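The values are calculated or read from the model by the stated rules, or taken from the named source; none is laboratory data. Keep in mind that this is a model prediction, so the values were computed, not measured. Cβ placement follows ideal geometry from the backbone for every residue including glycine, while neighbour counts extend to all protein chains displayed. We work out accessible area using only protein heavy atoms, side chains counted, and drop any ligands, DNA or RNA first. Shrake-Rupley method; radii C 1.70, N 1.55, O 1.52, S 1.80 Å.
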Amino acid sequence: MAFRQALQLAACGLAGGSAAVLFSAVAVGKPRAGGDAETRAAEPPGWAVGVRPPPGVWDPNWDRREPVSLVNVRKRNVESGEEELASRLDHCKAKATRHIFLIRHSQYHVDGSLEKDRTLTPLGREQAELTGLRLASLGLKFDKIIHSSMTRATETTDIISKHLPGVCRVSTDLLREGAPIEPDPPVTHWKPEAVQYYEDGARIEAAFRNYIHRADARQEEDSYEIFICHANVIRYIVCRALQFPPEGWLRLSLNNGSITHLVIRPNGRVALRTLGDTGFMPPNKITRS
């Protein structure tokens, strides 16, 4: 019985993927013949196809780490059968919860001609100190800090790290600022070239797939990880993790030095504990530049 259920689950997973592709195909279908041509919706970039299931459908395998998707159910020992399959599925199950803390960099000099010149302002350095103190006050055993390689994120990390001694740091280009996906509804004050969405979008989506997922089955204890990066990256990650339409990312607003807390349970369920929290800062220290 367990083996048949696993096969059914696998089939449902394949069907769900096919449905997502079909849904995308219908959304950008050709105009109807014999009448006025309908306006063709803009085609999403290749990396965005299948990013989310149809509206109203929760995908439990959003991170492709459901045990049944990690086991080849066709390969089973004829003698042991269902018992072996159950054991293999159990071996692939996550056991721990991941706590993801997404920190937006502090205020910086926006008028710098080069990226390396866009350093933190004096107020920005104060904000980073306050964020570091807040994280330290939580009393959690943070496992690591992963930060964007851009100057403002690196400097924010330098200050926060002083309050979290012993926590290892890793720099990555994946978390650099960019234009993740064309916002819907569109905005008039910010219109990057289409090529920027194409280039940045694939990279930011890669950051999401690389860092945001349920714990590895080998992880025994809950983990607490800090990611220090940028507003656009964080907003996109939140929408993707909650399976909200990612095109809505620009509707969220994040203060400098703010803390966003995502929780990913072993069963793949995601919860948003806080979004852009700066309640630990005095009102006169809060900015969004």
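The heavy atoms of Ser289 offer some 60 square angstrom of accessible surface to a 1.4 angstrom probe.
Which GluC sites (Glu not before Pro) from segment 196-259 combine a DSSP loop assignment with at most 16 other Cβ atoms within 10 Å?
Numbers: sites: Glu199, Glu205, Glu220, Glu221, Glu225, Glu247; in loops: Glu220, Glu221.
The qualifying sites are Glu220, Glu221.
For segment 135-254, the Cα-based Rg and Dmax, in that order, read 15.6, 48 Å.
Could you rank the peptides 250-261, 104-115 by their average count of other C-beta atoms within 10 Å per residue, with the highest value first? Present the calculation step by step, with values, prior to reporting the outcome.
Details: 250-261: 21.0, 104-115: 16.9.
The most tightly packed comes first, giving 250-261, 104-115.
Summing +1 for each Lys or Arg and -1 for each Asp or Glu among the other residues whose beta-carbon sits under 14 angstrom from that of Asp117 gives 0. With the simple model of a label 7 Å out from the Cα in the direction of the Cβ, Asp173 to Asn284 spans 4.3 nm.
The chymotrypsin sites (Phe, Trp or Tyr not before Pro) of segment 184-276 meeting both criteria, a DSSP state outside H, G, I, E and B (loop) and at most 16 other C-beta atoms within 10 angstrom of the site's C-beta, are Trp190.
Just to confirm a number: summing +1 for Lys and Arg and -1 for Asp and Glu over residues other than Ala136 whose beta-carbon lies under 13 angstrom from that of Ala136, what do you get?
Working: positive: Arg134, Lys141, Lys162; negative: Glu129.
Net of charged neighbours comes to +2.
Leu102 contributes about 0 Å² of solvent-accessible surface, heavy atoms of the protein only, 1.4 Å probe.
Filter the cross-link list Lys144/Lys285; Lys141/Lys191; Lys95/Lys285 down to pairs whose alpha-carbon distance in this structure exceeds 31 Å. Where the Cα-Cα span goes over 31 Å, the pairs concerned are Lys141/Lys191; Lys95/Lys285.
Taking all protein chains as shown and a probe of 1.4 angstrom, Thr188 keeps an accessible surface of around 130 Å². The Lys191 and Lys116 beta-carbon pair, evaluated with R₀ = 30 Å, returns a calculated FRET efficiency of approximately 0.70.
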